[in-house]
Structures are given as C-alpha cells and as structure tokens.
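**Q** Pasting in a structure now, in structure tokens, and then I'll have a few things to ask.
Nothing in this text is a laboratory measurement; each read-out follows from the coordinates by a stated rule. All values reported here derive from a predicted model rather than from experimental measurement. Because the Cβ atoms are built from the backbone with ideal geometry, glycine has one as well, and the counts that use them run over all protein chains shown.
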Amino acid sequence: MMNAQLPETGHPLADTVARFVWLLPLLPLLGFVINGALALGAVAKIGPDDPSAGHDHHDAHDHGSGHDDHGHGHGHGHGHGDHHPVRHEYAGIVSLVGPGVLLATFGLAVAMFLAMRGVNMEEPFVLQLFRWMPVGDLKINAAFQLDQLSMVMVLIITGIGSLIHIFSVGYMQDDPGYPRYFAYLNLFVFFMLLLVLGANYPLMFVGWEGVGLCSYLLIGFWFSEEANANAGKKAFIVNRIGDFGFLVAMFMLFANVGTLDYANMAEAAQKLPMGGAVITAICLFFFLGCTGKSAQIPLYVWLPDAMAGPTPVSALIHAATMVTAGVYLIARSSILFSMAPVASLTVALVGGLTALFAATIGLKQWDIKKVLAYSTVSQLGYMFVGVGVGAYTAGVFHLMTHAFFKALLFLGSGSVIFAMHRAYHATHNHDDAQDMRNMGGLKKFMPVTWGLMWIATLAIAGIPPFAGFFSKDEILGTVFARANAGPLSTATLLGVPGHVVLLTVYVIGLASALLTAIYMTRMMMYTFHGPNRTGEAERSHLAEAPWIMTGPLVVLGLLSAFGGWLNLPELLPIGPIGTLEHWLEPVVGVATARMAGSGEHVAVDTEWVLIGVAVAIAVIGMSVAFARLKPAALVQKSASPASEGFAKVLEHKYYVDEFYDDAIVQPVKGISTTVLWKGVDAGIIDGLFVNGSAAFTRALGWMGAQLQTGQVGTYAWVLVIGVLALLGAFTSGR
Amino acid sequence: MQNEFVPLFYGFHFYLFGLIALASAILFVTRKSPVAAALWLVQTMFALAALYIMMDAQFVGVMQILVYAGAIMVVFLFVIMLLNLGHPDEISDIRGTWGRVIAGLFGIALLAEVGAASRNALVPALQLPQAPTDGAINGTAGVIGPIAGPMFKEYLLAFELTSVLLLVAVIGAVVLGKKSSNAR
Amino acid sequence: MLAESLALSAALFAIGVVGVLTRRNAMIVFMCVELMLNAVNLSFVALSRLYGATGQVFVIFVMTVAAAEAAVGLAIVIAIFRHKKTVDLQNINLLRG
C-alpha cells in the first residue's frame, strides 16, 4: 500500500535505514487495525453495552461532580466481597500487539537516529511517497521529512509512548474496553508520527487533526459517564477554534509564499518583508492553532477537563506529546516566526501569562490529576516562552525534559490512583480516589512511586541537577538575553517596547517557577506525607503497583534525573556541552541566529546570577511549601469545609469556565435556540420553505379544484372568456 | 366583391334568407322547448342551404339539407323524443337574468372583436379585391367535380381519416348506447 | 355579398355561443354547437367564391365531423340520461376533478 518511491539519491541518508521512514507511522497503524478489529470482534460477541459494563478504574470524574459509583451494580461479580478482575478475552494478544508495535517503532527510530548520527547531514531527508493534492499551483505531496527536529520528536513520541503503553498494560488490565483502549492509543501514535514526520503543513494538519480525534476518543474513553463524554466534546470543540487558526495560516501562507513544504520555506519566505503585516498575521494564526492544541490562554480550558480520560492517556497525550505539538509547530516554523518579532513577542507573552495563570490555579486544586494538568499548562507556557523568544532549542529541550518528568508524574499519579482505587474497590467505598485529601502518607505503602515522583518533582521545580533545571534555566536565560539585545528587544508589541515585554515575561517566568515549586511540593506532601487519611479498612489494601507499571516509572525517573545532560549549558561543563543545540542547529540555527541578532552574549557573571536566582527561587518555593503546609491538618474530602476568599477563586480556576459559559456558550446556545433553531430552522426553513411551499401548492391545488366544478357550463364560460381574451389580444395588437 | 353589381332580385333573396337564418337562430336559442328549438334550428339550416345555393355552392347546399337538416337534426329530434324531453322543464333550462345579460354581452363582444379583426386585416386577403376563380365566375364551382378534385387529391389523407373517424364514432355510439351490463 | 355573408356567419356564431352559455339543456347546448358549425360553414362557402372550391371541401369535412359528433354526443347524452334521469347540465358534474 505504501508505494514508496526511491528517495532522491545523493542524500547521505538515502541508503540507510531511513528509507524505511514510512514504516514508523505504519507500525502503530497496523497495531490500531489489529486492536481495533479485536475490540470490534469482542463487542460483536458480548453485546453493544459491553464498554459501559463497569470498568474498574476510577480516575474519571469531573471536579465537584461528586462520587461516582460506576463499576458497581452492573452485575460485575461483587457479591463475594472480593476483587474479581475481569480480563478481556483478547487481553493477551492486545498486550502483545499494543506495546509491541510501539517498541518496534521505537527500535526503528533508534536505528534511524544512529544512522543519522553516522552521516553529516545539512539538508533534511525528504521521502516522497505519492502525489496527494495536485491542484493548479498547489502541489502537495505525501512526503515524510526526517531531520534532526522530527527525529527528536519521533524519539520522544515512540520512547515515552512505549513506556506508557507498557504502563497501560497494568493500569488498564481489568478494563472491559482493553483492546479499544490500545487501538486508540496506537492510532494516536500513528497520527502523532504523521504530525512530526509530514514534510509540509497540510500533512502536519492531518496528524494535527488526527491526534485531536484520538484525544477526543480517549478523553471520552469511559463515555458512559456524561462528564467524560462532555470533557471529550469540550476538548474537540475548543481545538476547532485553534484549527481554524492553523487553516487560515496555511491559506495565507500559500497565497503569499506559494508553498507549503518545509524544505523550500526558508527560501520562499524571503519574498515577504521582514516583520511585515502578512508574516505577522500568518504567525499569529499559527499561534492561534498552538493555543488550541497546546492549551494556552485563552483556549487552555479543555486540558484540565481532559483529565477525565485514563491516566496513561493524560501522560501520553495531554502531557508528553500531543499538547507539545504547538511547540513543535513553532520550532518547525522558526524561519517564519523569526521574521515576525511582534508575533514572537506575543507567543512569549502569552506563554508567560499562561505559565503564571495556570500555576496559581494549580496551587489550590485538590484533585491530583488536576494539579498535574494545570502544571502541564504552565510548563507548556514555558515552552512557548522559549520558542517565542527564539530559543527554539531550549523550547524543544524543555519539551523533552517535560515529557520525561511530566509523564513520570502522571504515571506516578496513575499508580497512586490505581492503588487508591483498588483499595476503595475492595472495601466498596465510593469515595474520590483522586482527591489528595483522601490520600496522605502513601510513602509507606508505595515507596518506589514516592521516590520516583520526588525525582520528577525536583525536576519540574528546577532543582539542579535534575532535567527541568537545565531546560527551564535555558529558557529564562534566553529571555533575559533577548531583552537586552536582538530584534525582539527593539520591536514593540501594542506600543510596549520589546525589552519591557521580555523583562515582564522573565519576571513572570520566575514567579511561575516559584509557584511551580510550591504546588508540586504541596502535591507531594499531601499525597505521600503526613498521616494517612484513607479509612482503616482501605489502608490494608494499599500497595505498590505491579512491576509492569513501576518499571516504566523507573526508566522515566532516570530520564528525569539525567535528561539535563542532553543539553548542558556552557557554564556547567559536567559533560558534553549543548548536545541538543548542536543536533538541532541545521533546523533552527538560522532562525535562532536571526532572533539573537548581533547582540553579544550576556556576561558570564550575569549568567551565574541568573542561575543562582532561578535555583534560589525553586528552593524558596519548596521551603515555603514545606514550612507552611500542614498535611496533618487535612481531613477527608467529604469532611472538608469549602474554601474561602481568594483560595475559592483559585479552586474554581478563576471562574474562567463559568465566564466562557456565560460569555460564549450560553449566548451561542441562546442565539442557536431562538434565532437559528426557532427562527431560521423552524420558522423560515420549516415554516416558510417546507411547510410554506406545501401550503402554497395546496392552496393552488384548492384553487384549481374550485375551477373543476364538473359543470360543463362553467367550462364553456371559461372557454369563451379565454377566446374573447385571445381574440382581443390579437385584435388590439394590430 | 364589394364593388360588384348585385342584381336586385338576387340581393333581395340574399337578404331575405339571411334574415330568416338570423331570426330563426335567435328564436332557436330562446325557445324553452327543445322540440321547438330544434325545429327553429332546422329552419336556420334551410335558410343557410338557400344561401349556399345562391353562392354557387349547390352541392354543399344540397348536402346541408340532406345531411344536416335531414339526418343530423332528425337524430336530434329523435333523441329528444326518445328521452321525452319534448316539453319544457319545470325549472327553466335558461340561466338567470344576469347570466343572460352577461352572455349577451359576451356575444356582442365576440361580434365586435370578429368585426375588428376583419377590419384590422386579421384575414388580410379580405381587403384585397381579388378576381374570382374561373369556377366561381362561370358558376361551375358548386358542382361536384371541382369539389371532388381536391378532396381526392390534396385531401385524400384527410378524407380517409374522416372515414376512420366515422367508424370510431359509430363504434363509440354503439358502446355508449348499449345498456352496460356491468353498470354499478 | 361576401361581407354580408361573413357578418351573418359571425352573428350566427355569436348566437350559438350565447346559447351555449345560457342554456342548461344538454340537447340544446348540443344544437347550439351545431349552429356554430353552420356559421363556420357559411363563411367557408362565402370565401370559396373568392378562393375556389377547396372551401367547400372543408364544409364536407365539417359536416362529416358534425355527424360523427352528433352520433357520439347523442350516445353520451343517452347514457347520461339513463344514469341521471336528466339532461340538465347543472345536475351533471361527472367531470368534477
């Protein structure tokens, strides 16, 4: 089916394993087909209501929706009072296929990576598959582009993806929708690889939409509960707004530049004036797409709700890969963004504001996954700050380290939820298995998870030498440097000078880092430290997750701890310096240089100060959290009083959802109901056109029927009148 | 023709038969009794036959008397008698006053329009004083030969079709007149 | 004489029309139609003096059609009468759609 043409000869990768690049997406697609067939086969066998027949995992509920009791009362074999896991009949083969294809893909990706390291390539390796949309001047080929950037993304996606697939084997083992889950997950990886491997924007858009679809499917994986289905719909609809931006950007790009391929974008974009309105508009529309997919202000609202999906999904899609597609998009379009300083400033500012905004909300969330969700939004903001100020490598670097530690955090929380839920399940308690007020003191029961999650927490807080420190510090350092020199500092955003904006972003970044340290420490303390707040009965059931789940955690823990070595700053020569930067240089080097301008580097002393400030802030944040928070004072969720004052505002996420509901959703609904439905549809279309034409025809028929009296005399009269009229017409016409 | 000299005797009879035809026609439509009406119509036809003969259409005149007055109208009368319609209905079969007035107006309008049409050369040949054909002049036009010629040459197809029409009419009349055995 | 003939023809035709419009007896309406046919015949004959005997051929055709019409029409009237016991057109509305 893949009619792979021979790649252009001459490219150093042409004869290597890279010519099988089309196998990368194909393998997960194959997994999707197999698992999907198994899911369908199972449904056909068991009956259509199977997927809702009570799943065992319990991290699917909306905040404040109360205690859900799904999984009970569905004839699930609880009568004996024991935990009876219900394995899917095809669980075995699915467990082999689902993670298997991912591991194979990862292996292939590693082989390609090695091949890539072995050659010296400046030009990207483009494999033309077939002509896709030849329309006039628009010639879009289905082509894969393998270069340093997409290689990094492929490694992250397949690597983290493999770990999460393996984790899912344990996490989802008792779910009736087991094959369906893996089918969706494989499909997601397929689209994600399409997104990063596509050699042009339209192909990326296919992946972009595809991952959106899979996100929707997986958020609403337990669709029998309305809140989950609604969360999926919300994600889908909010993302459509962003996709609109992506589409408009593509249209404008083609109209003004004439190509949508990455390969000749740099050359073609020279047609546009530097910093002109067109290039700025294109970049801003692209960024609108990013705000949707990567959950930035103002479209971030879907991501916290997306936690309704299974926790590994949150780890893979809503933390490590899909939500970073926006960052990838900007890094991929770095040539364009470097030509539009205003758009870049906007990206940086919005990213910074999102980082701060989400971090404050994260301070007061009780749901362990919601904390992580807002943390993700916040960290995505950091990435956008990075790519916004032209630190494309730093943005991608943070993307990578974030993928490590956030996947670890999510999977760790999944492990915790798994344990909590199993305990509740065993005792038939219907309490909230995700609320931190119901946890506490889990360190004793889950030491491995505890230790690994601390590593991730230190990484995200920015404590050296963990991964997050290096990437975050590089971003903040670049922001500071760009504020001093370069085209960004001289540009103006809505009348505000660029260096003021960037300094603001820098301060916001520091504040966010402080808040990040605080809320992450808070999460860890409430979850693992202090007294245990589960009931007596549950306590005996709390236990570490099986090794198939903790194994991936260990790997991610190592990556979170040592991921920083992938791109060490010059100041800390504890290993090879700037590996990632050198690696990505052929892709983003030109744009980075353009953004850096001719400005000299920040002085070494200043850099040390900046690093010191960043570390100090992280340490201060954690210390404050340790000193002020008292896990012992917490009570179970059901006994907790409602928050007061600003805490309440934070707990309700600044009422943004409510605001959107009042300002957008309800008016749209109102207009739809009164004008579009009752006015246009029922009134004009149904009333006037459909029923109206029927009534008109009927009236006409009635009038005609009145003529048809059956009285010959009447006919004679009419006939004579007609003759008179005709004759009169002839006569007077002369 | 307008300028043609009309002999007094000829003219007198022409007008006489014309008036008879007109008067009988008026009487025909105003009679309540169908029998009386039919008889007045026969009278009209006789007058018309006389006019035909005066206009050198002897054959047509004879046919008028034989076929129309003799055959068709007799059939009418026969049917009227058969259906016992000879006496006027208790309620008049003539429509009300307004109907009559409007119908009369319609008739006048029709006349006026036809007159206007002829004057406006809707029939353009009328205004051209043309020389009459040989047959018309020498008085042989009305005899059978000149009629039979076109009928069996140019209009042969129409003639044959007429025979088919008559056949269909005969069959139709038989079917309709037959007492239907499957009447509801 | 042509103009007078045509005038008479028109007059007879108009009388026929008025008859059709005013009468309700099917037989009389029928006869009015015959009168109208006669009026047309008259103009044919009158014009045949001008254009030759072809007009008279048409008169023959008209007579034939009239005969056929009378045969069928009267058969219809008889059939209706059998059915309705009347030839009053106002009471006959079998054509009603």
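**Q** What distance in nm separates the simple spin-label points at A:VAL33 and A:ASP15, each placed 7 Å from Cα in the Cβ direction?
**A** Spacing of the two 7 Å Cα→Cβ label points: 3.2 nm.
**Q** Please order A:LEU502, A:LEU194 by the number of other Cβ within 10 Å, starting at the fewest.
**A** Fewest to most other Cβ atoms nearby, the residues stand as A:LEU194, A:LEU502.
**Q** Can you sort A:GLU225, A:GLU123, A:GLU644 by how many other beta carbons sit within 10 Å, fewest first?
**A** A:GLU644, A:GLU123, A:GLU225
**Q** If you take each beta carbon of peptide B:37-50 and count the beta carbons of other chains within 10 angstrom, what is the mean?
**A** Mean partner shielding for this stretch: 3.
**Q** Sticking with this structure for a sec: Based on Cα positions only, what radius of gyration and what Dmax would you give for region C:2-84, in angstroms?
**A** Radius of gyration, then largest Cα-Cα span, for region C:2-84: 14.8, 49 Å.
**Q** So how strong a dipole does chain A carry about its Cα centre when Lys and Arg Cβ are +1 and Asp and Glu Cβ are -1, to the nearest 20 debye?
**A** 660
**Q** Kindly express, to the nearest 10 degrees and within the range 0 to 90, the angle between helix A:392-427's C-alpha long axis and the longest C-alpha principal axis of chain A.
**A** For A:392-427 against chain A, the angle is about 90 degrees.
**Q** Sort A:274-287, A:666-679 for me by packing, meaning the mean count of neighbouring Cβ atoms within 10 Å per residue, highest on top.
**A** By packing density, highest mean first, the sequence is A:274-287, A:666-679.
**Q** Per DSSP helix of 4 or more residues, -39500 (n - 2.57); summed, then divided by the residues of chain A. What does that give at 222 nm, rounded to the nearest 500?
**A** Calculated mean residue ellipticity at 222 nm is -20500 deg cm²/dmol.
**Q** Sort the following peptides by mean Cβ neighbour count (other Cβ atoms within 10 Å, averaged over residues), highest first: A:690-703, B:11-24.
**A** Ranked by mean Cβ neighbours within 10 Å, highest first: B:11-24, A:690-703.
**Q** If you build the Cα gyration tensor of region A:544-630 and take the root of 5 times each eigenvalue, what three semi-axes come out, in whole angstrom, biggest first?
**A** 32, 24, 12
**Q** Sort C:VAL62, A:VAL371, B:VAL60 by Cβ crowding within 10 Å, fewest neighbours at the top.
**A** Fewest-to-most Cβ neighbours within 10 Å comes out as C:VAL62, A:VAL371, B:VAL60.
**Q** Continuing with this model, one more query. How many Å³ per residue does the convex hull of the Cα positions in the protein assembly as shown occupy?
**A** Measuring per residue, one finds 308 Å³ for the Cα hull of the protein assembly as shown.
**Q** If Lys and Arg each add +1 and Asp and Glu each add -1, what is the summed charge of the other residues whose beta carbon sits under 15 Å from the beta carbon of A:LEU580?
**A** Result for the local shell: -4.
**Q** Residues in region A:358-380 near a label at A:ALA633, defined as backbone nitrogen under 19 Å from the 7 Å Cα→Cβ point?
**A** Correct set: A:363-367.
**Q** Here's a follow-up. Taking springs between alpha-carbon atoms closer than 10 angstrom, which of C:LEU37, C:LEU74, C:LEU50 fluctuates most in the Gaussian network model of chain C?
**A** C:LEU50
**Q** Mind checking which of A:ALA481, A:LEU515, A:TYR178 is farthest towards the positive end of the protein assembly as shown's charge dipole, using Cβ charges of +1 (Lys, Arg) and -1 (Asp, Glu) about the Cα centre?
**A** My answer, from the dipole projection, is A:TYR178.
**Q** I'd like to know which of A:ALA306, A:ILE548, A:ALA625 lies farthest towards the positive end of the charge dipole of chain A, counting +1 on Cβ of Lys and Arg and -1 on Cβ of Asp and Glu.
**A** Of the listed residues, the answer is A:ALA306.
**Q** Here is a further query. Any of A:LYS369/A:LYS653; B:LYS178/C:LYS85; A:LYS234/A:LYS653; A:LYS293/A:LYS364; A:LYS370/A:LYS653 with alpha carbons more than 20 Å apart? Name them for me.
**A** Among A:LYS369/A:LYS653; B:LYS178/C:LYS85; A:LYS234/A:LYS653; A:LYS293/A:LYS364; A:LYS370/A:LYS653, the Cα-Cα distance tops 20 Å for A:LYS293/A:LYS364.
**Q** Moving on to the next point. Relative to the first principal axis of the alpha-carbon coordinates of chain A, what is the inclination of helix A:368-388, with its axis defined by its Cα atoms, in degrees from 0 to 90 and to the nearest 10?
**A** Roughly 90 degrees, rounded to the nearest 10.
**Q** Take every residue in peptide B:59-71, count the Cβ atoms of other chains within 10 Å of its Cβ, and give the average of those counts.
**A** Per residue, the average neighbour count from other chains is 4.
**Q** Helix A:341-362: angle to the longest alpha-carbon principal axis of chain A, degrees 0 to 90, nearest 10?
**A** 70
**Q** Using a 10 Å cut-off on Cβ to Cβ distances, tally the other chain neighbours for every residue of B:152-163 and report the average as a whole number.
**A** Per residue, the number of nearby Cβ atoms from other chains is 2 on average.
**Q** In addition: Roughly speaking, what is the centre-to-centre gap between region A:233-264 and region A:338-379 when only Cα atoms are used, to the nearest Å?
**A** 22
**Q** Given the -39500 (n - 2.57) contribution per DSSP H run of 4+ residues, what per-residue ellipticity at 222 nm results for chain C, rounded to the nearest 500 deg cm²/dmol?
**A** Taking each H run of at least 4 residues, the total per residue is -28500 deg cm²/dmol.
**Q** While we're on this one: Quick one: if you stick a label point 7 Å off each Cα along the C-beta vector at A:GLU570 and A:ASP657, how many nm between them?
**A** Taking the two extended label points, one gets 4.8 nm.
**Q** Moving on. 7 Å from Cα along Cα→Cβ at both B:VAL75 and A:ASN264: what's the point-to-point distance in nm?
**A** The two pseudo-label positions are separated by 9.1 nm.
**Q** How much length would be gained if the chain were fully extended between A:ILE664 and A:PHE730, taking 0.36 nm per residue of separation minus their Cα-Cα distance, in nm to one decimal?
**A** Length gained, A:ILE664 through A:PHE730: 17.1 nm.
**Q** I would also like to ask the following. Treat every Asp and Glu Cβ in chain C as -1 and every Lys and Arg Cβ as +1, leave all other atoms uncharged, and give the resulting dipole magnitude about the Cα centre to the nearest 20 debye.
**A** So the magnitude is around 420 debye.
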